[in-house]
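Engineer: My structure is below; once you've seen it, I'll send some questions.
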Amino acid sequence: MSFIVGIDGPAGSGKGTVTKIIANRLGLTNIDTGITYRCVALKCLKNQIKLEEKDKIINIANNINIVIDNRENSDIVHLDGEDVTQEIRSKEVTSIVSQISSIKEVRLAMVELQRKLAKGKDIIMEGRDICTYVFPNADVKIYLEASLEERANRRYKEMKDKGINISFEEVKHNIEMRDKNDKEKEIGALKLAQDSIVVDTTNKTISEVVEEIISIIKR
Ligand code: DC
């Protein structure tokens, strides 16, 4: 039987960073479920599909080929055979991905894919609905939090480091919109599972958060 650690939380709460470190430390396979929704969003952009064209978006989700190659520091992502590791983090993708991921049929297809990716493995999986919907029986359930200001600051620095031209206000507004959208989804909304342990990462270093979560997992 596989061992499952689920980590949920809003954009910028630190999920991605700490999950990778913990996966390496504990020898778990790291699955970032946001990648799957980002790939659908990117493919819609590439095919000039508008957000109103729901049937076309659903068709894309049902026929998409995503390969995630787990590396120590970052995941290499192939979409229909093409390396899209950088492209899925662009501001164009980021600005539509929450709306794409609100479509019920898209979620059903992605959740099926995420469960397949996890099959038979000991994993740490991060997203929004891992502990409530994808794996409600996960062995360890964590919910990461941080203030909006701090989350916006982290994302802003990340994007600047990647050379993306964006203002702090734009990043903050984008995160606020995504939070709202992610919390209001018909299925798979971002919410705290009854039995999840909340870890607030505001004003904590990455290594403090990592140690806190590892001690929860070991317990
Ligand atoms: O974690 P991220 O920023 O890469 O996620 C991208 C988007 O995908 C985010 O706006 C919410 C959505 N998402 C989701 O709805 N459910 C998940 N399990 C993971 C991500």
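Engineer: Using a Cα-Cα cut-off of under 19 Å, which aspartates and glutamates could be cross-linked to K50, ignoring same-chain neighbours fewer than 8 residues away?
Structural biologist: Straight-line reach from K50, under 19 Å: E87, E92, E105.
Engineer: OK, next. Given 4 °C and 1.567 mPa s, compute D for the stretch 64-200 with the Stokes-Einstein relation, Rh being the Kirkwood radius over Cα pairs; round to the nearest whole µm²/s.
Structural biologist: 78
Engineer: Accessible area per residue, 1.4 Å probe, Å², for the stretch 176-219: what's the number?
Structural biologist: 64
Engineer: Which one of G188, G16, G27 has the biggest mean-square fluctuation once the chain is modelled by GNM with Cα springs under 10 Å?
Structural biologist: G27
Engineer: Percent of accessible area on the stretch 1-91 owned by carbon and sulfur, 1.4 Å probe?
Structural biologist: After summing per-atom areas, the C and S share lands at 45 percent.
Engineer: Now for a different question. Under 15 Å from a label point 7 Å along Cα→Cβ of K104: give me every residue in the stretch 38-75 with its amide N that close.
Structural biologist: Counting only backbone N, you get 54-55, 58.
Engineer: Can you tell which of S74, M125, L113 lies farthest toward the positive end of the dipole of the chain, using +1 and -1 charges on the Cβ of basic and acidic side chains (Lys, Arg; Asp, Glu)?
Structural biologist: Among S74, M125, L113, the one farthest towards the positive end of the dipole of the chain is L113.
Engineer: Also, quick follow-up: In debye to the nearest 20, how big a dipole does the chain give about its Cα centre with +1 on each Lys and Arg Cβ and -1 on each Asp and Glu Cβ?
Structural biologist: 140
Engineer: Projecting each Cα onto the charge dipole of the stretch 120-203 (Lys/Arg +1, Asp/Glu -1 at the beta carbon, about the Cα centre), which of P136, A146, N165 comes out farthest on the positive side?
Structural biologist: Checked the options; the winner is N165.
Engineer: Between E170 and E82, what's the calculated FRET efficiency when r is the beta-carbon distance and R0 is 30 Å? Round to 0.05.
Structural biologist: Efficiency for this residue pair is about 0.60.
Engineer: Once you've got the Cα coordinates, tell me which of K162/K218; K172/K204; K20/K54; K91/K218; K104/K162 are over 28 Å apart.
Structural biologist: Too far apart for the 28 Å limit: K162/K218; K20/K54; K91/K218; K104/K162.
The values are calculated or read from the model by the stated rules, or taken from the named source; none is laboratory data. Everything quoted here is computed from the prediction, not taken from an experiment. As a convention, Cβ positions derive from the backbone with ideal geometry for all residues, glycine included, and neighbour counts pool all protein chains shown. All accessible areas refer to the heavy atoms of the entire protein, side chains included, with ligands and DNA or RNA removed. Shrake-Rupley method; radii C 1.70, N 1.55, O 1.52, S 1.80 Å.
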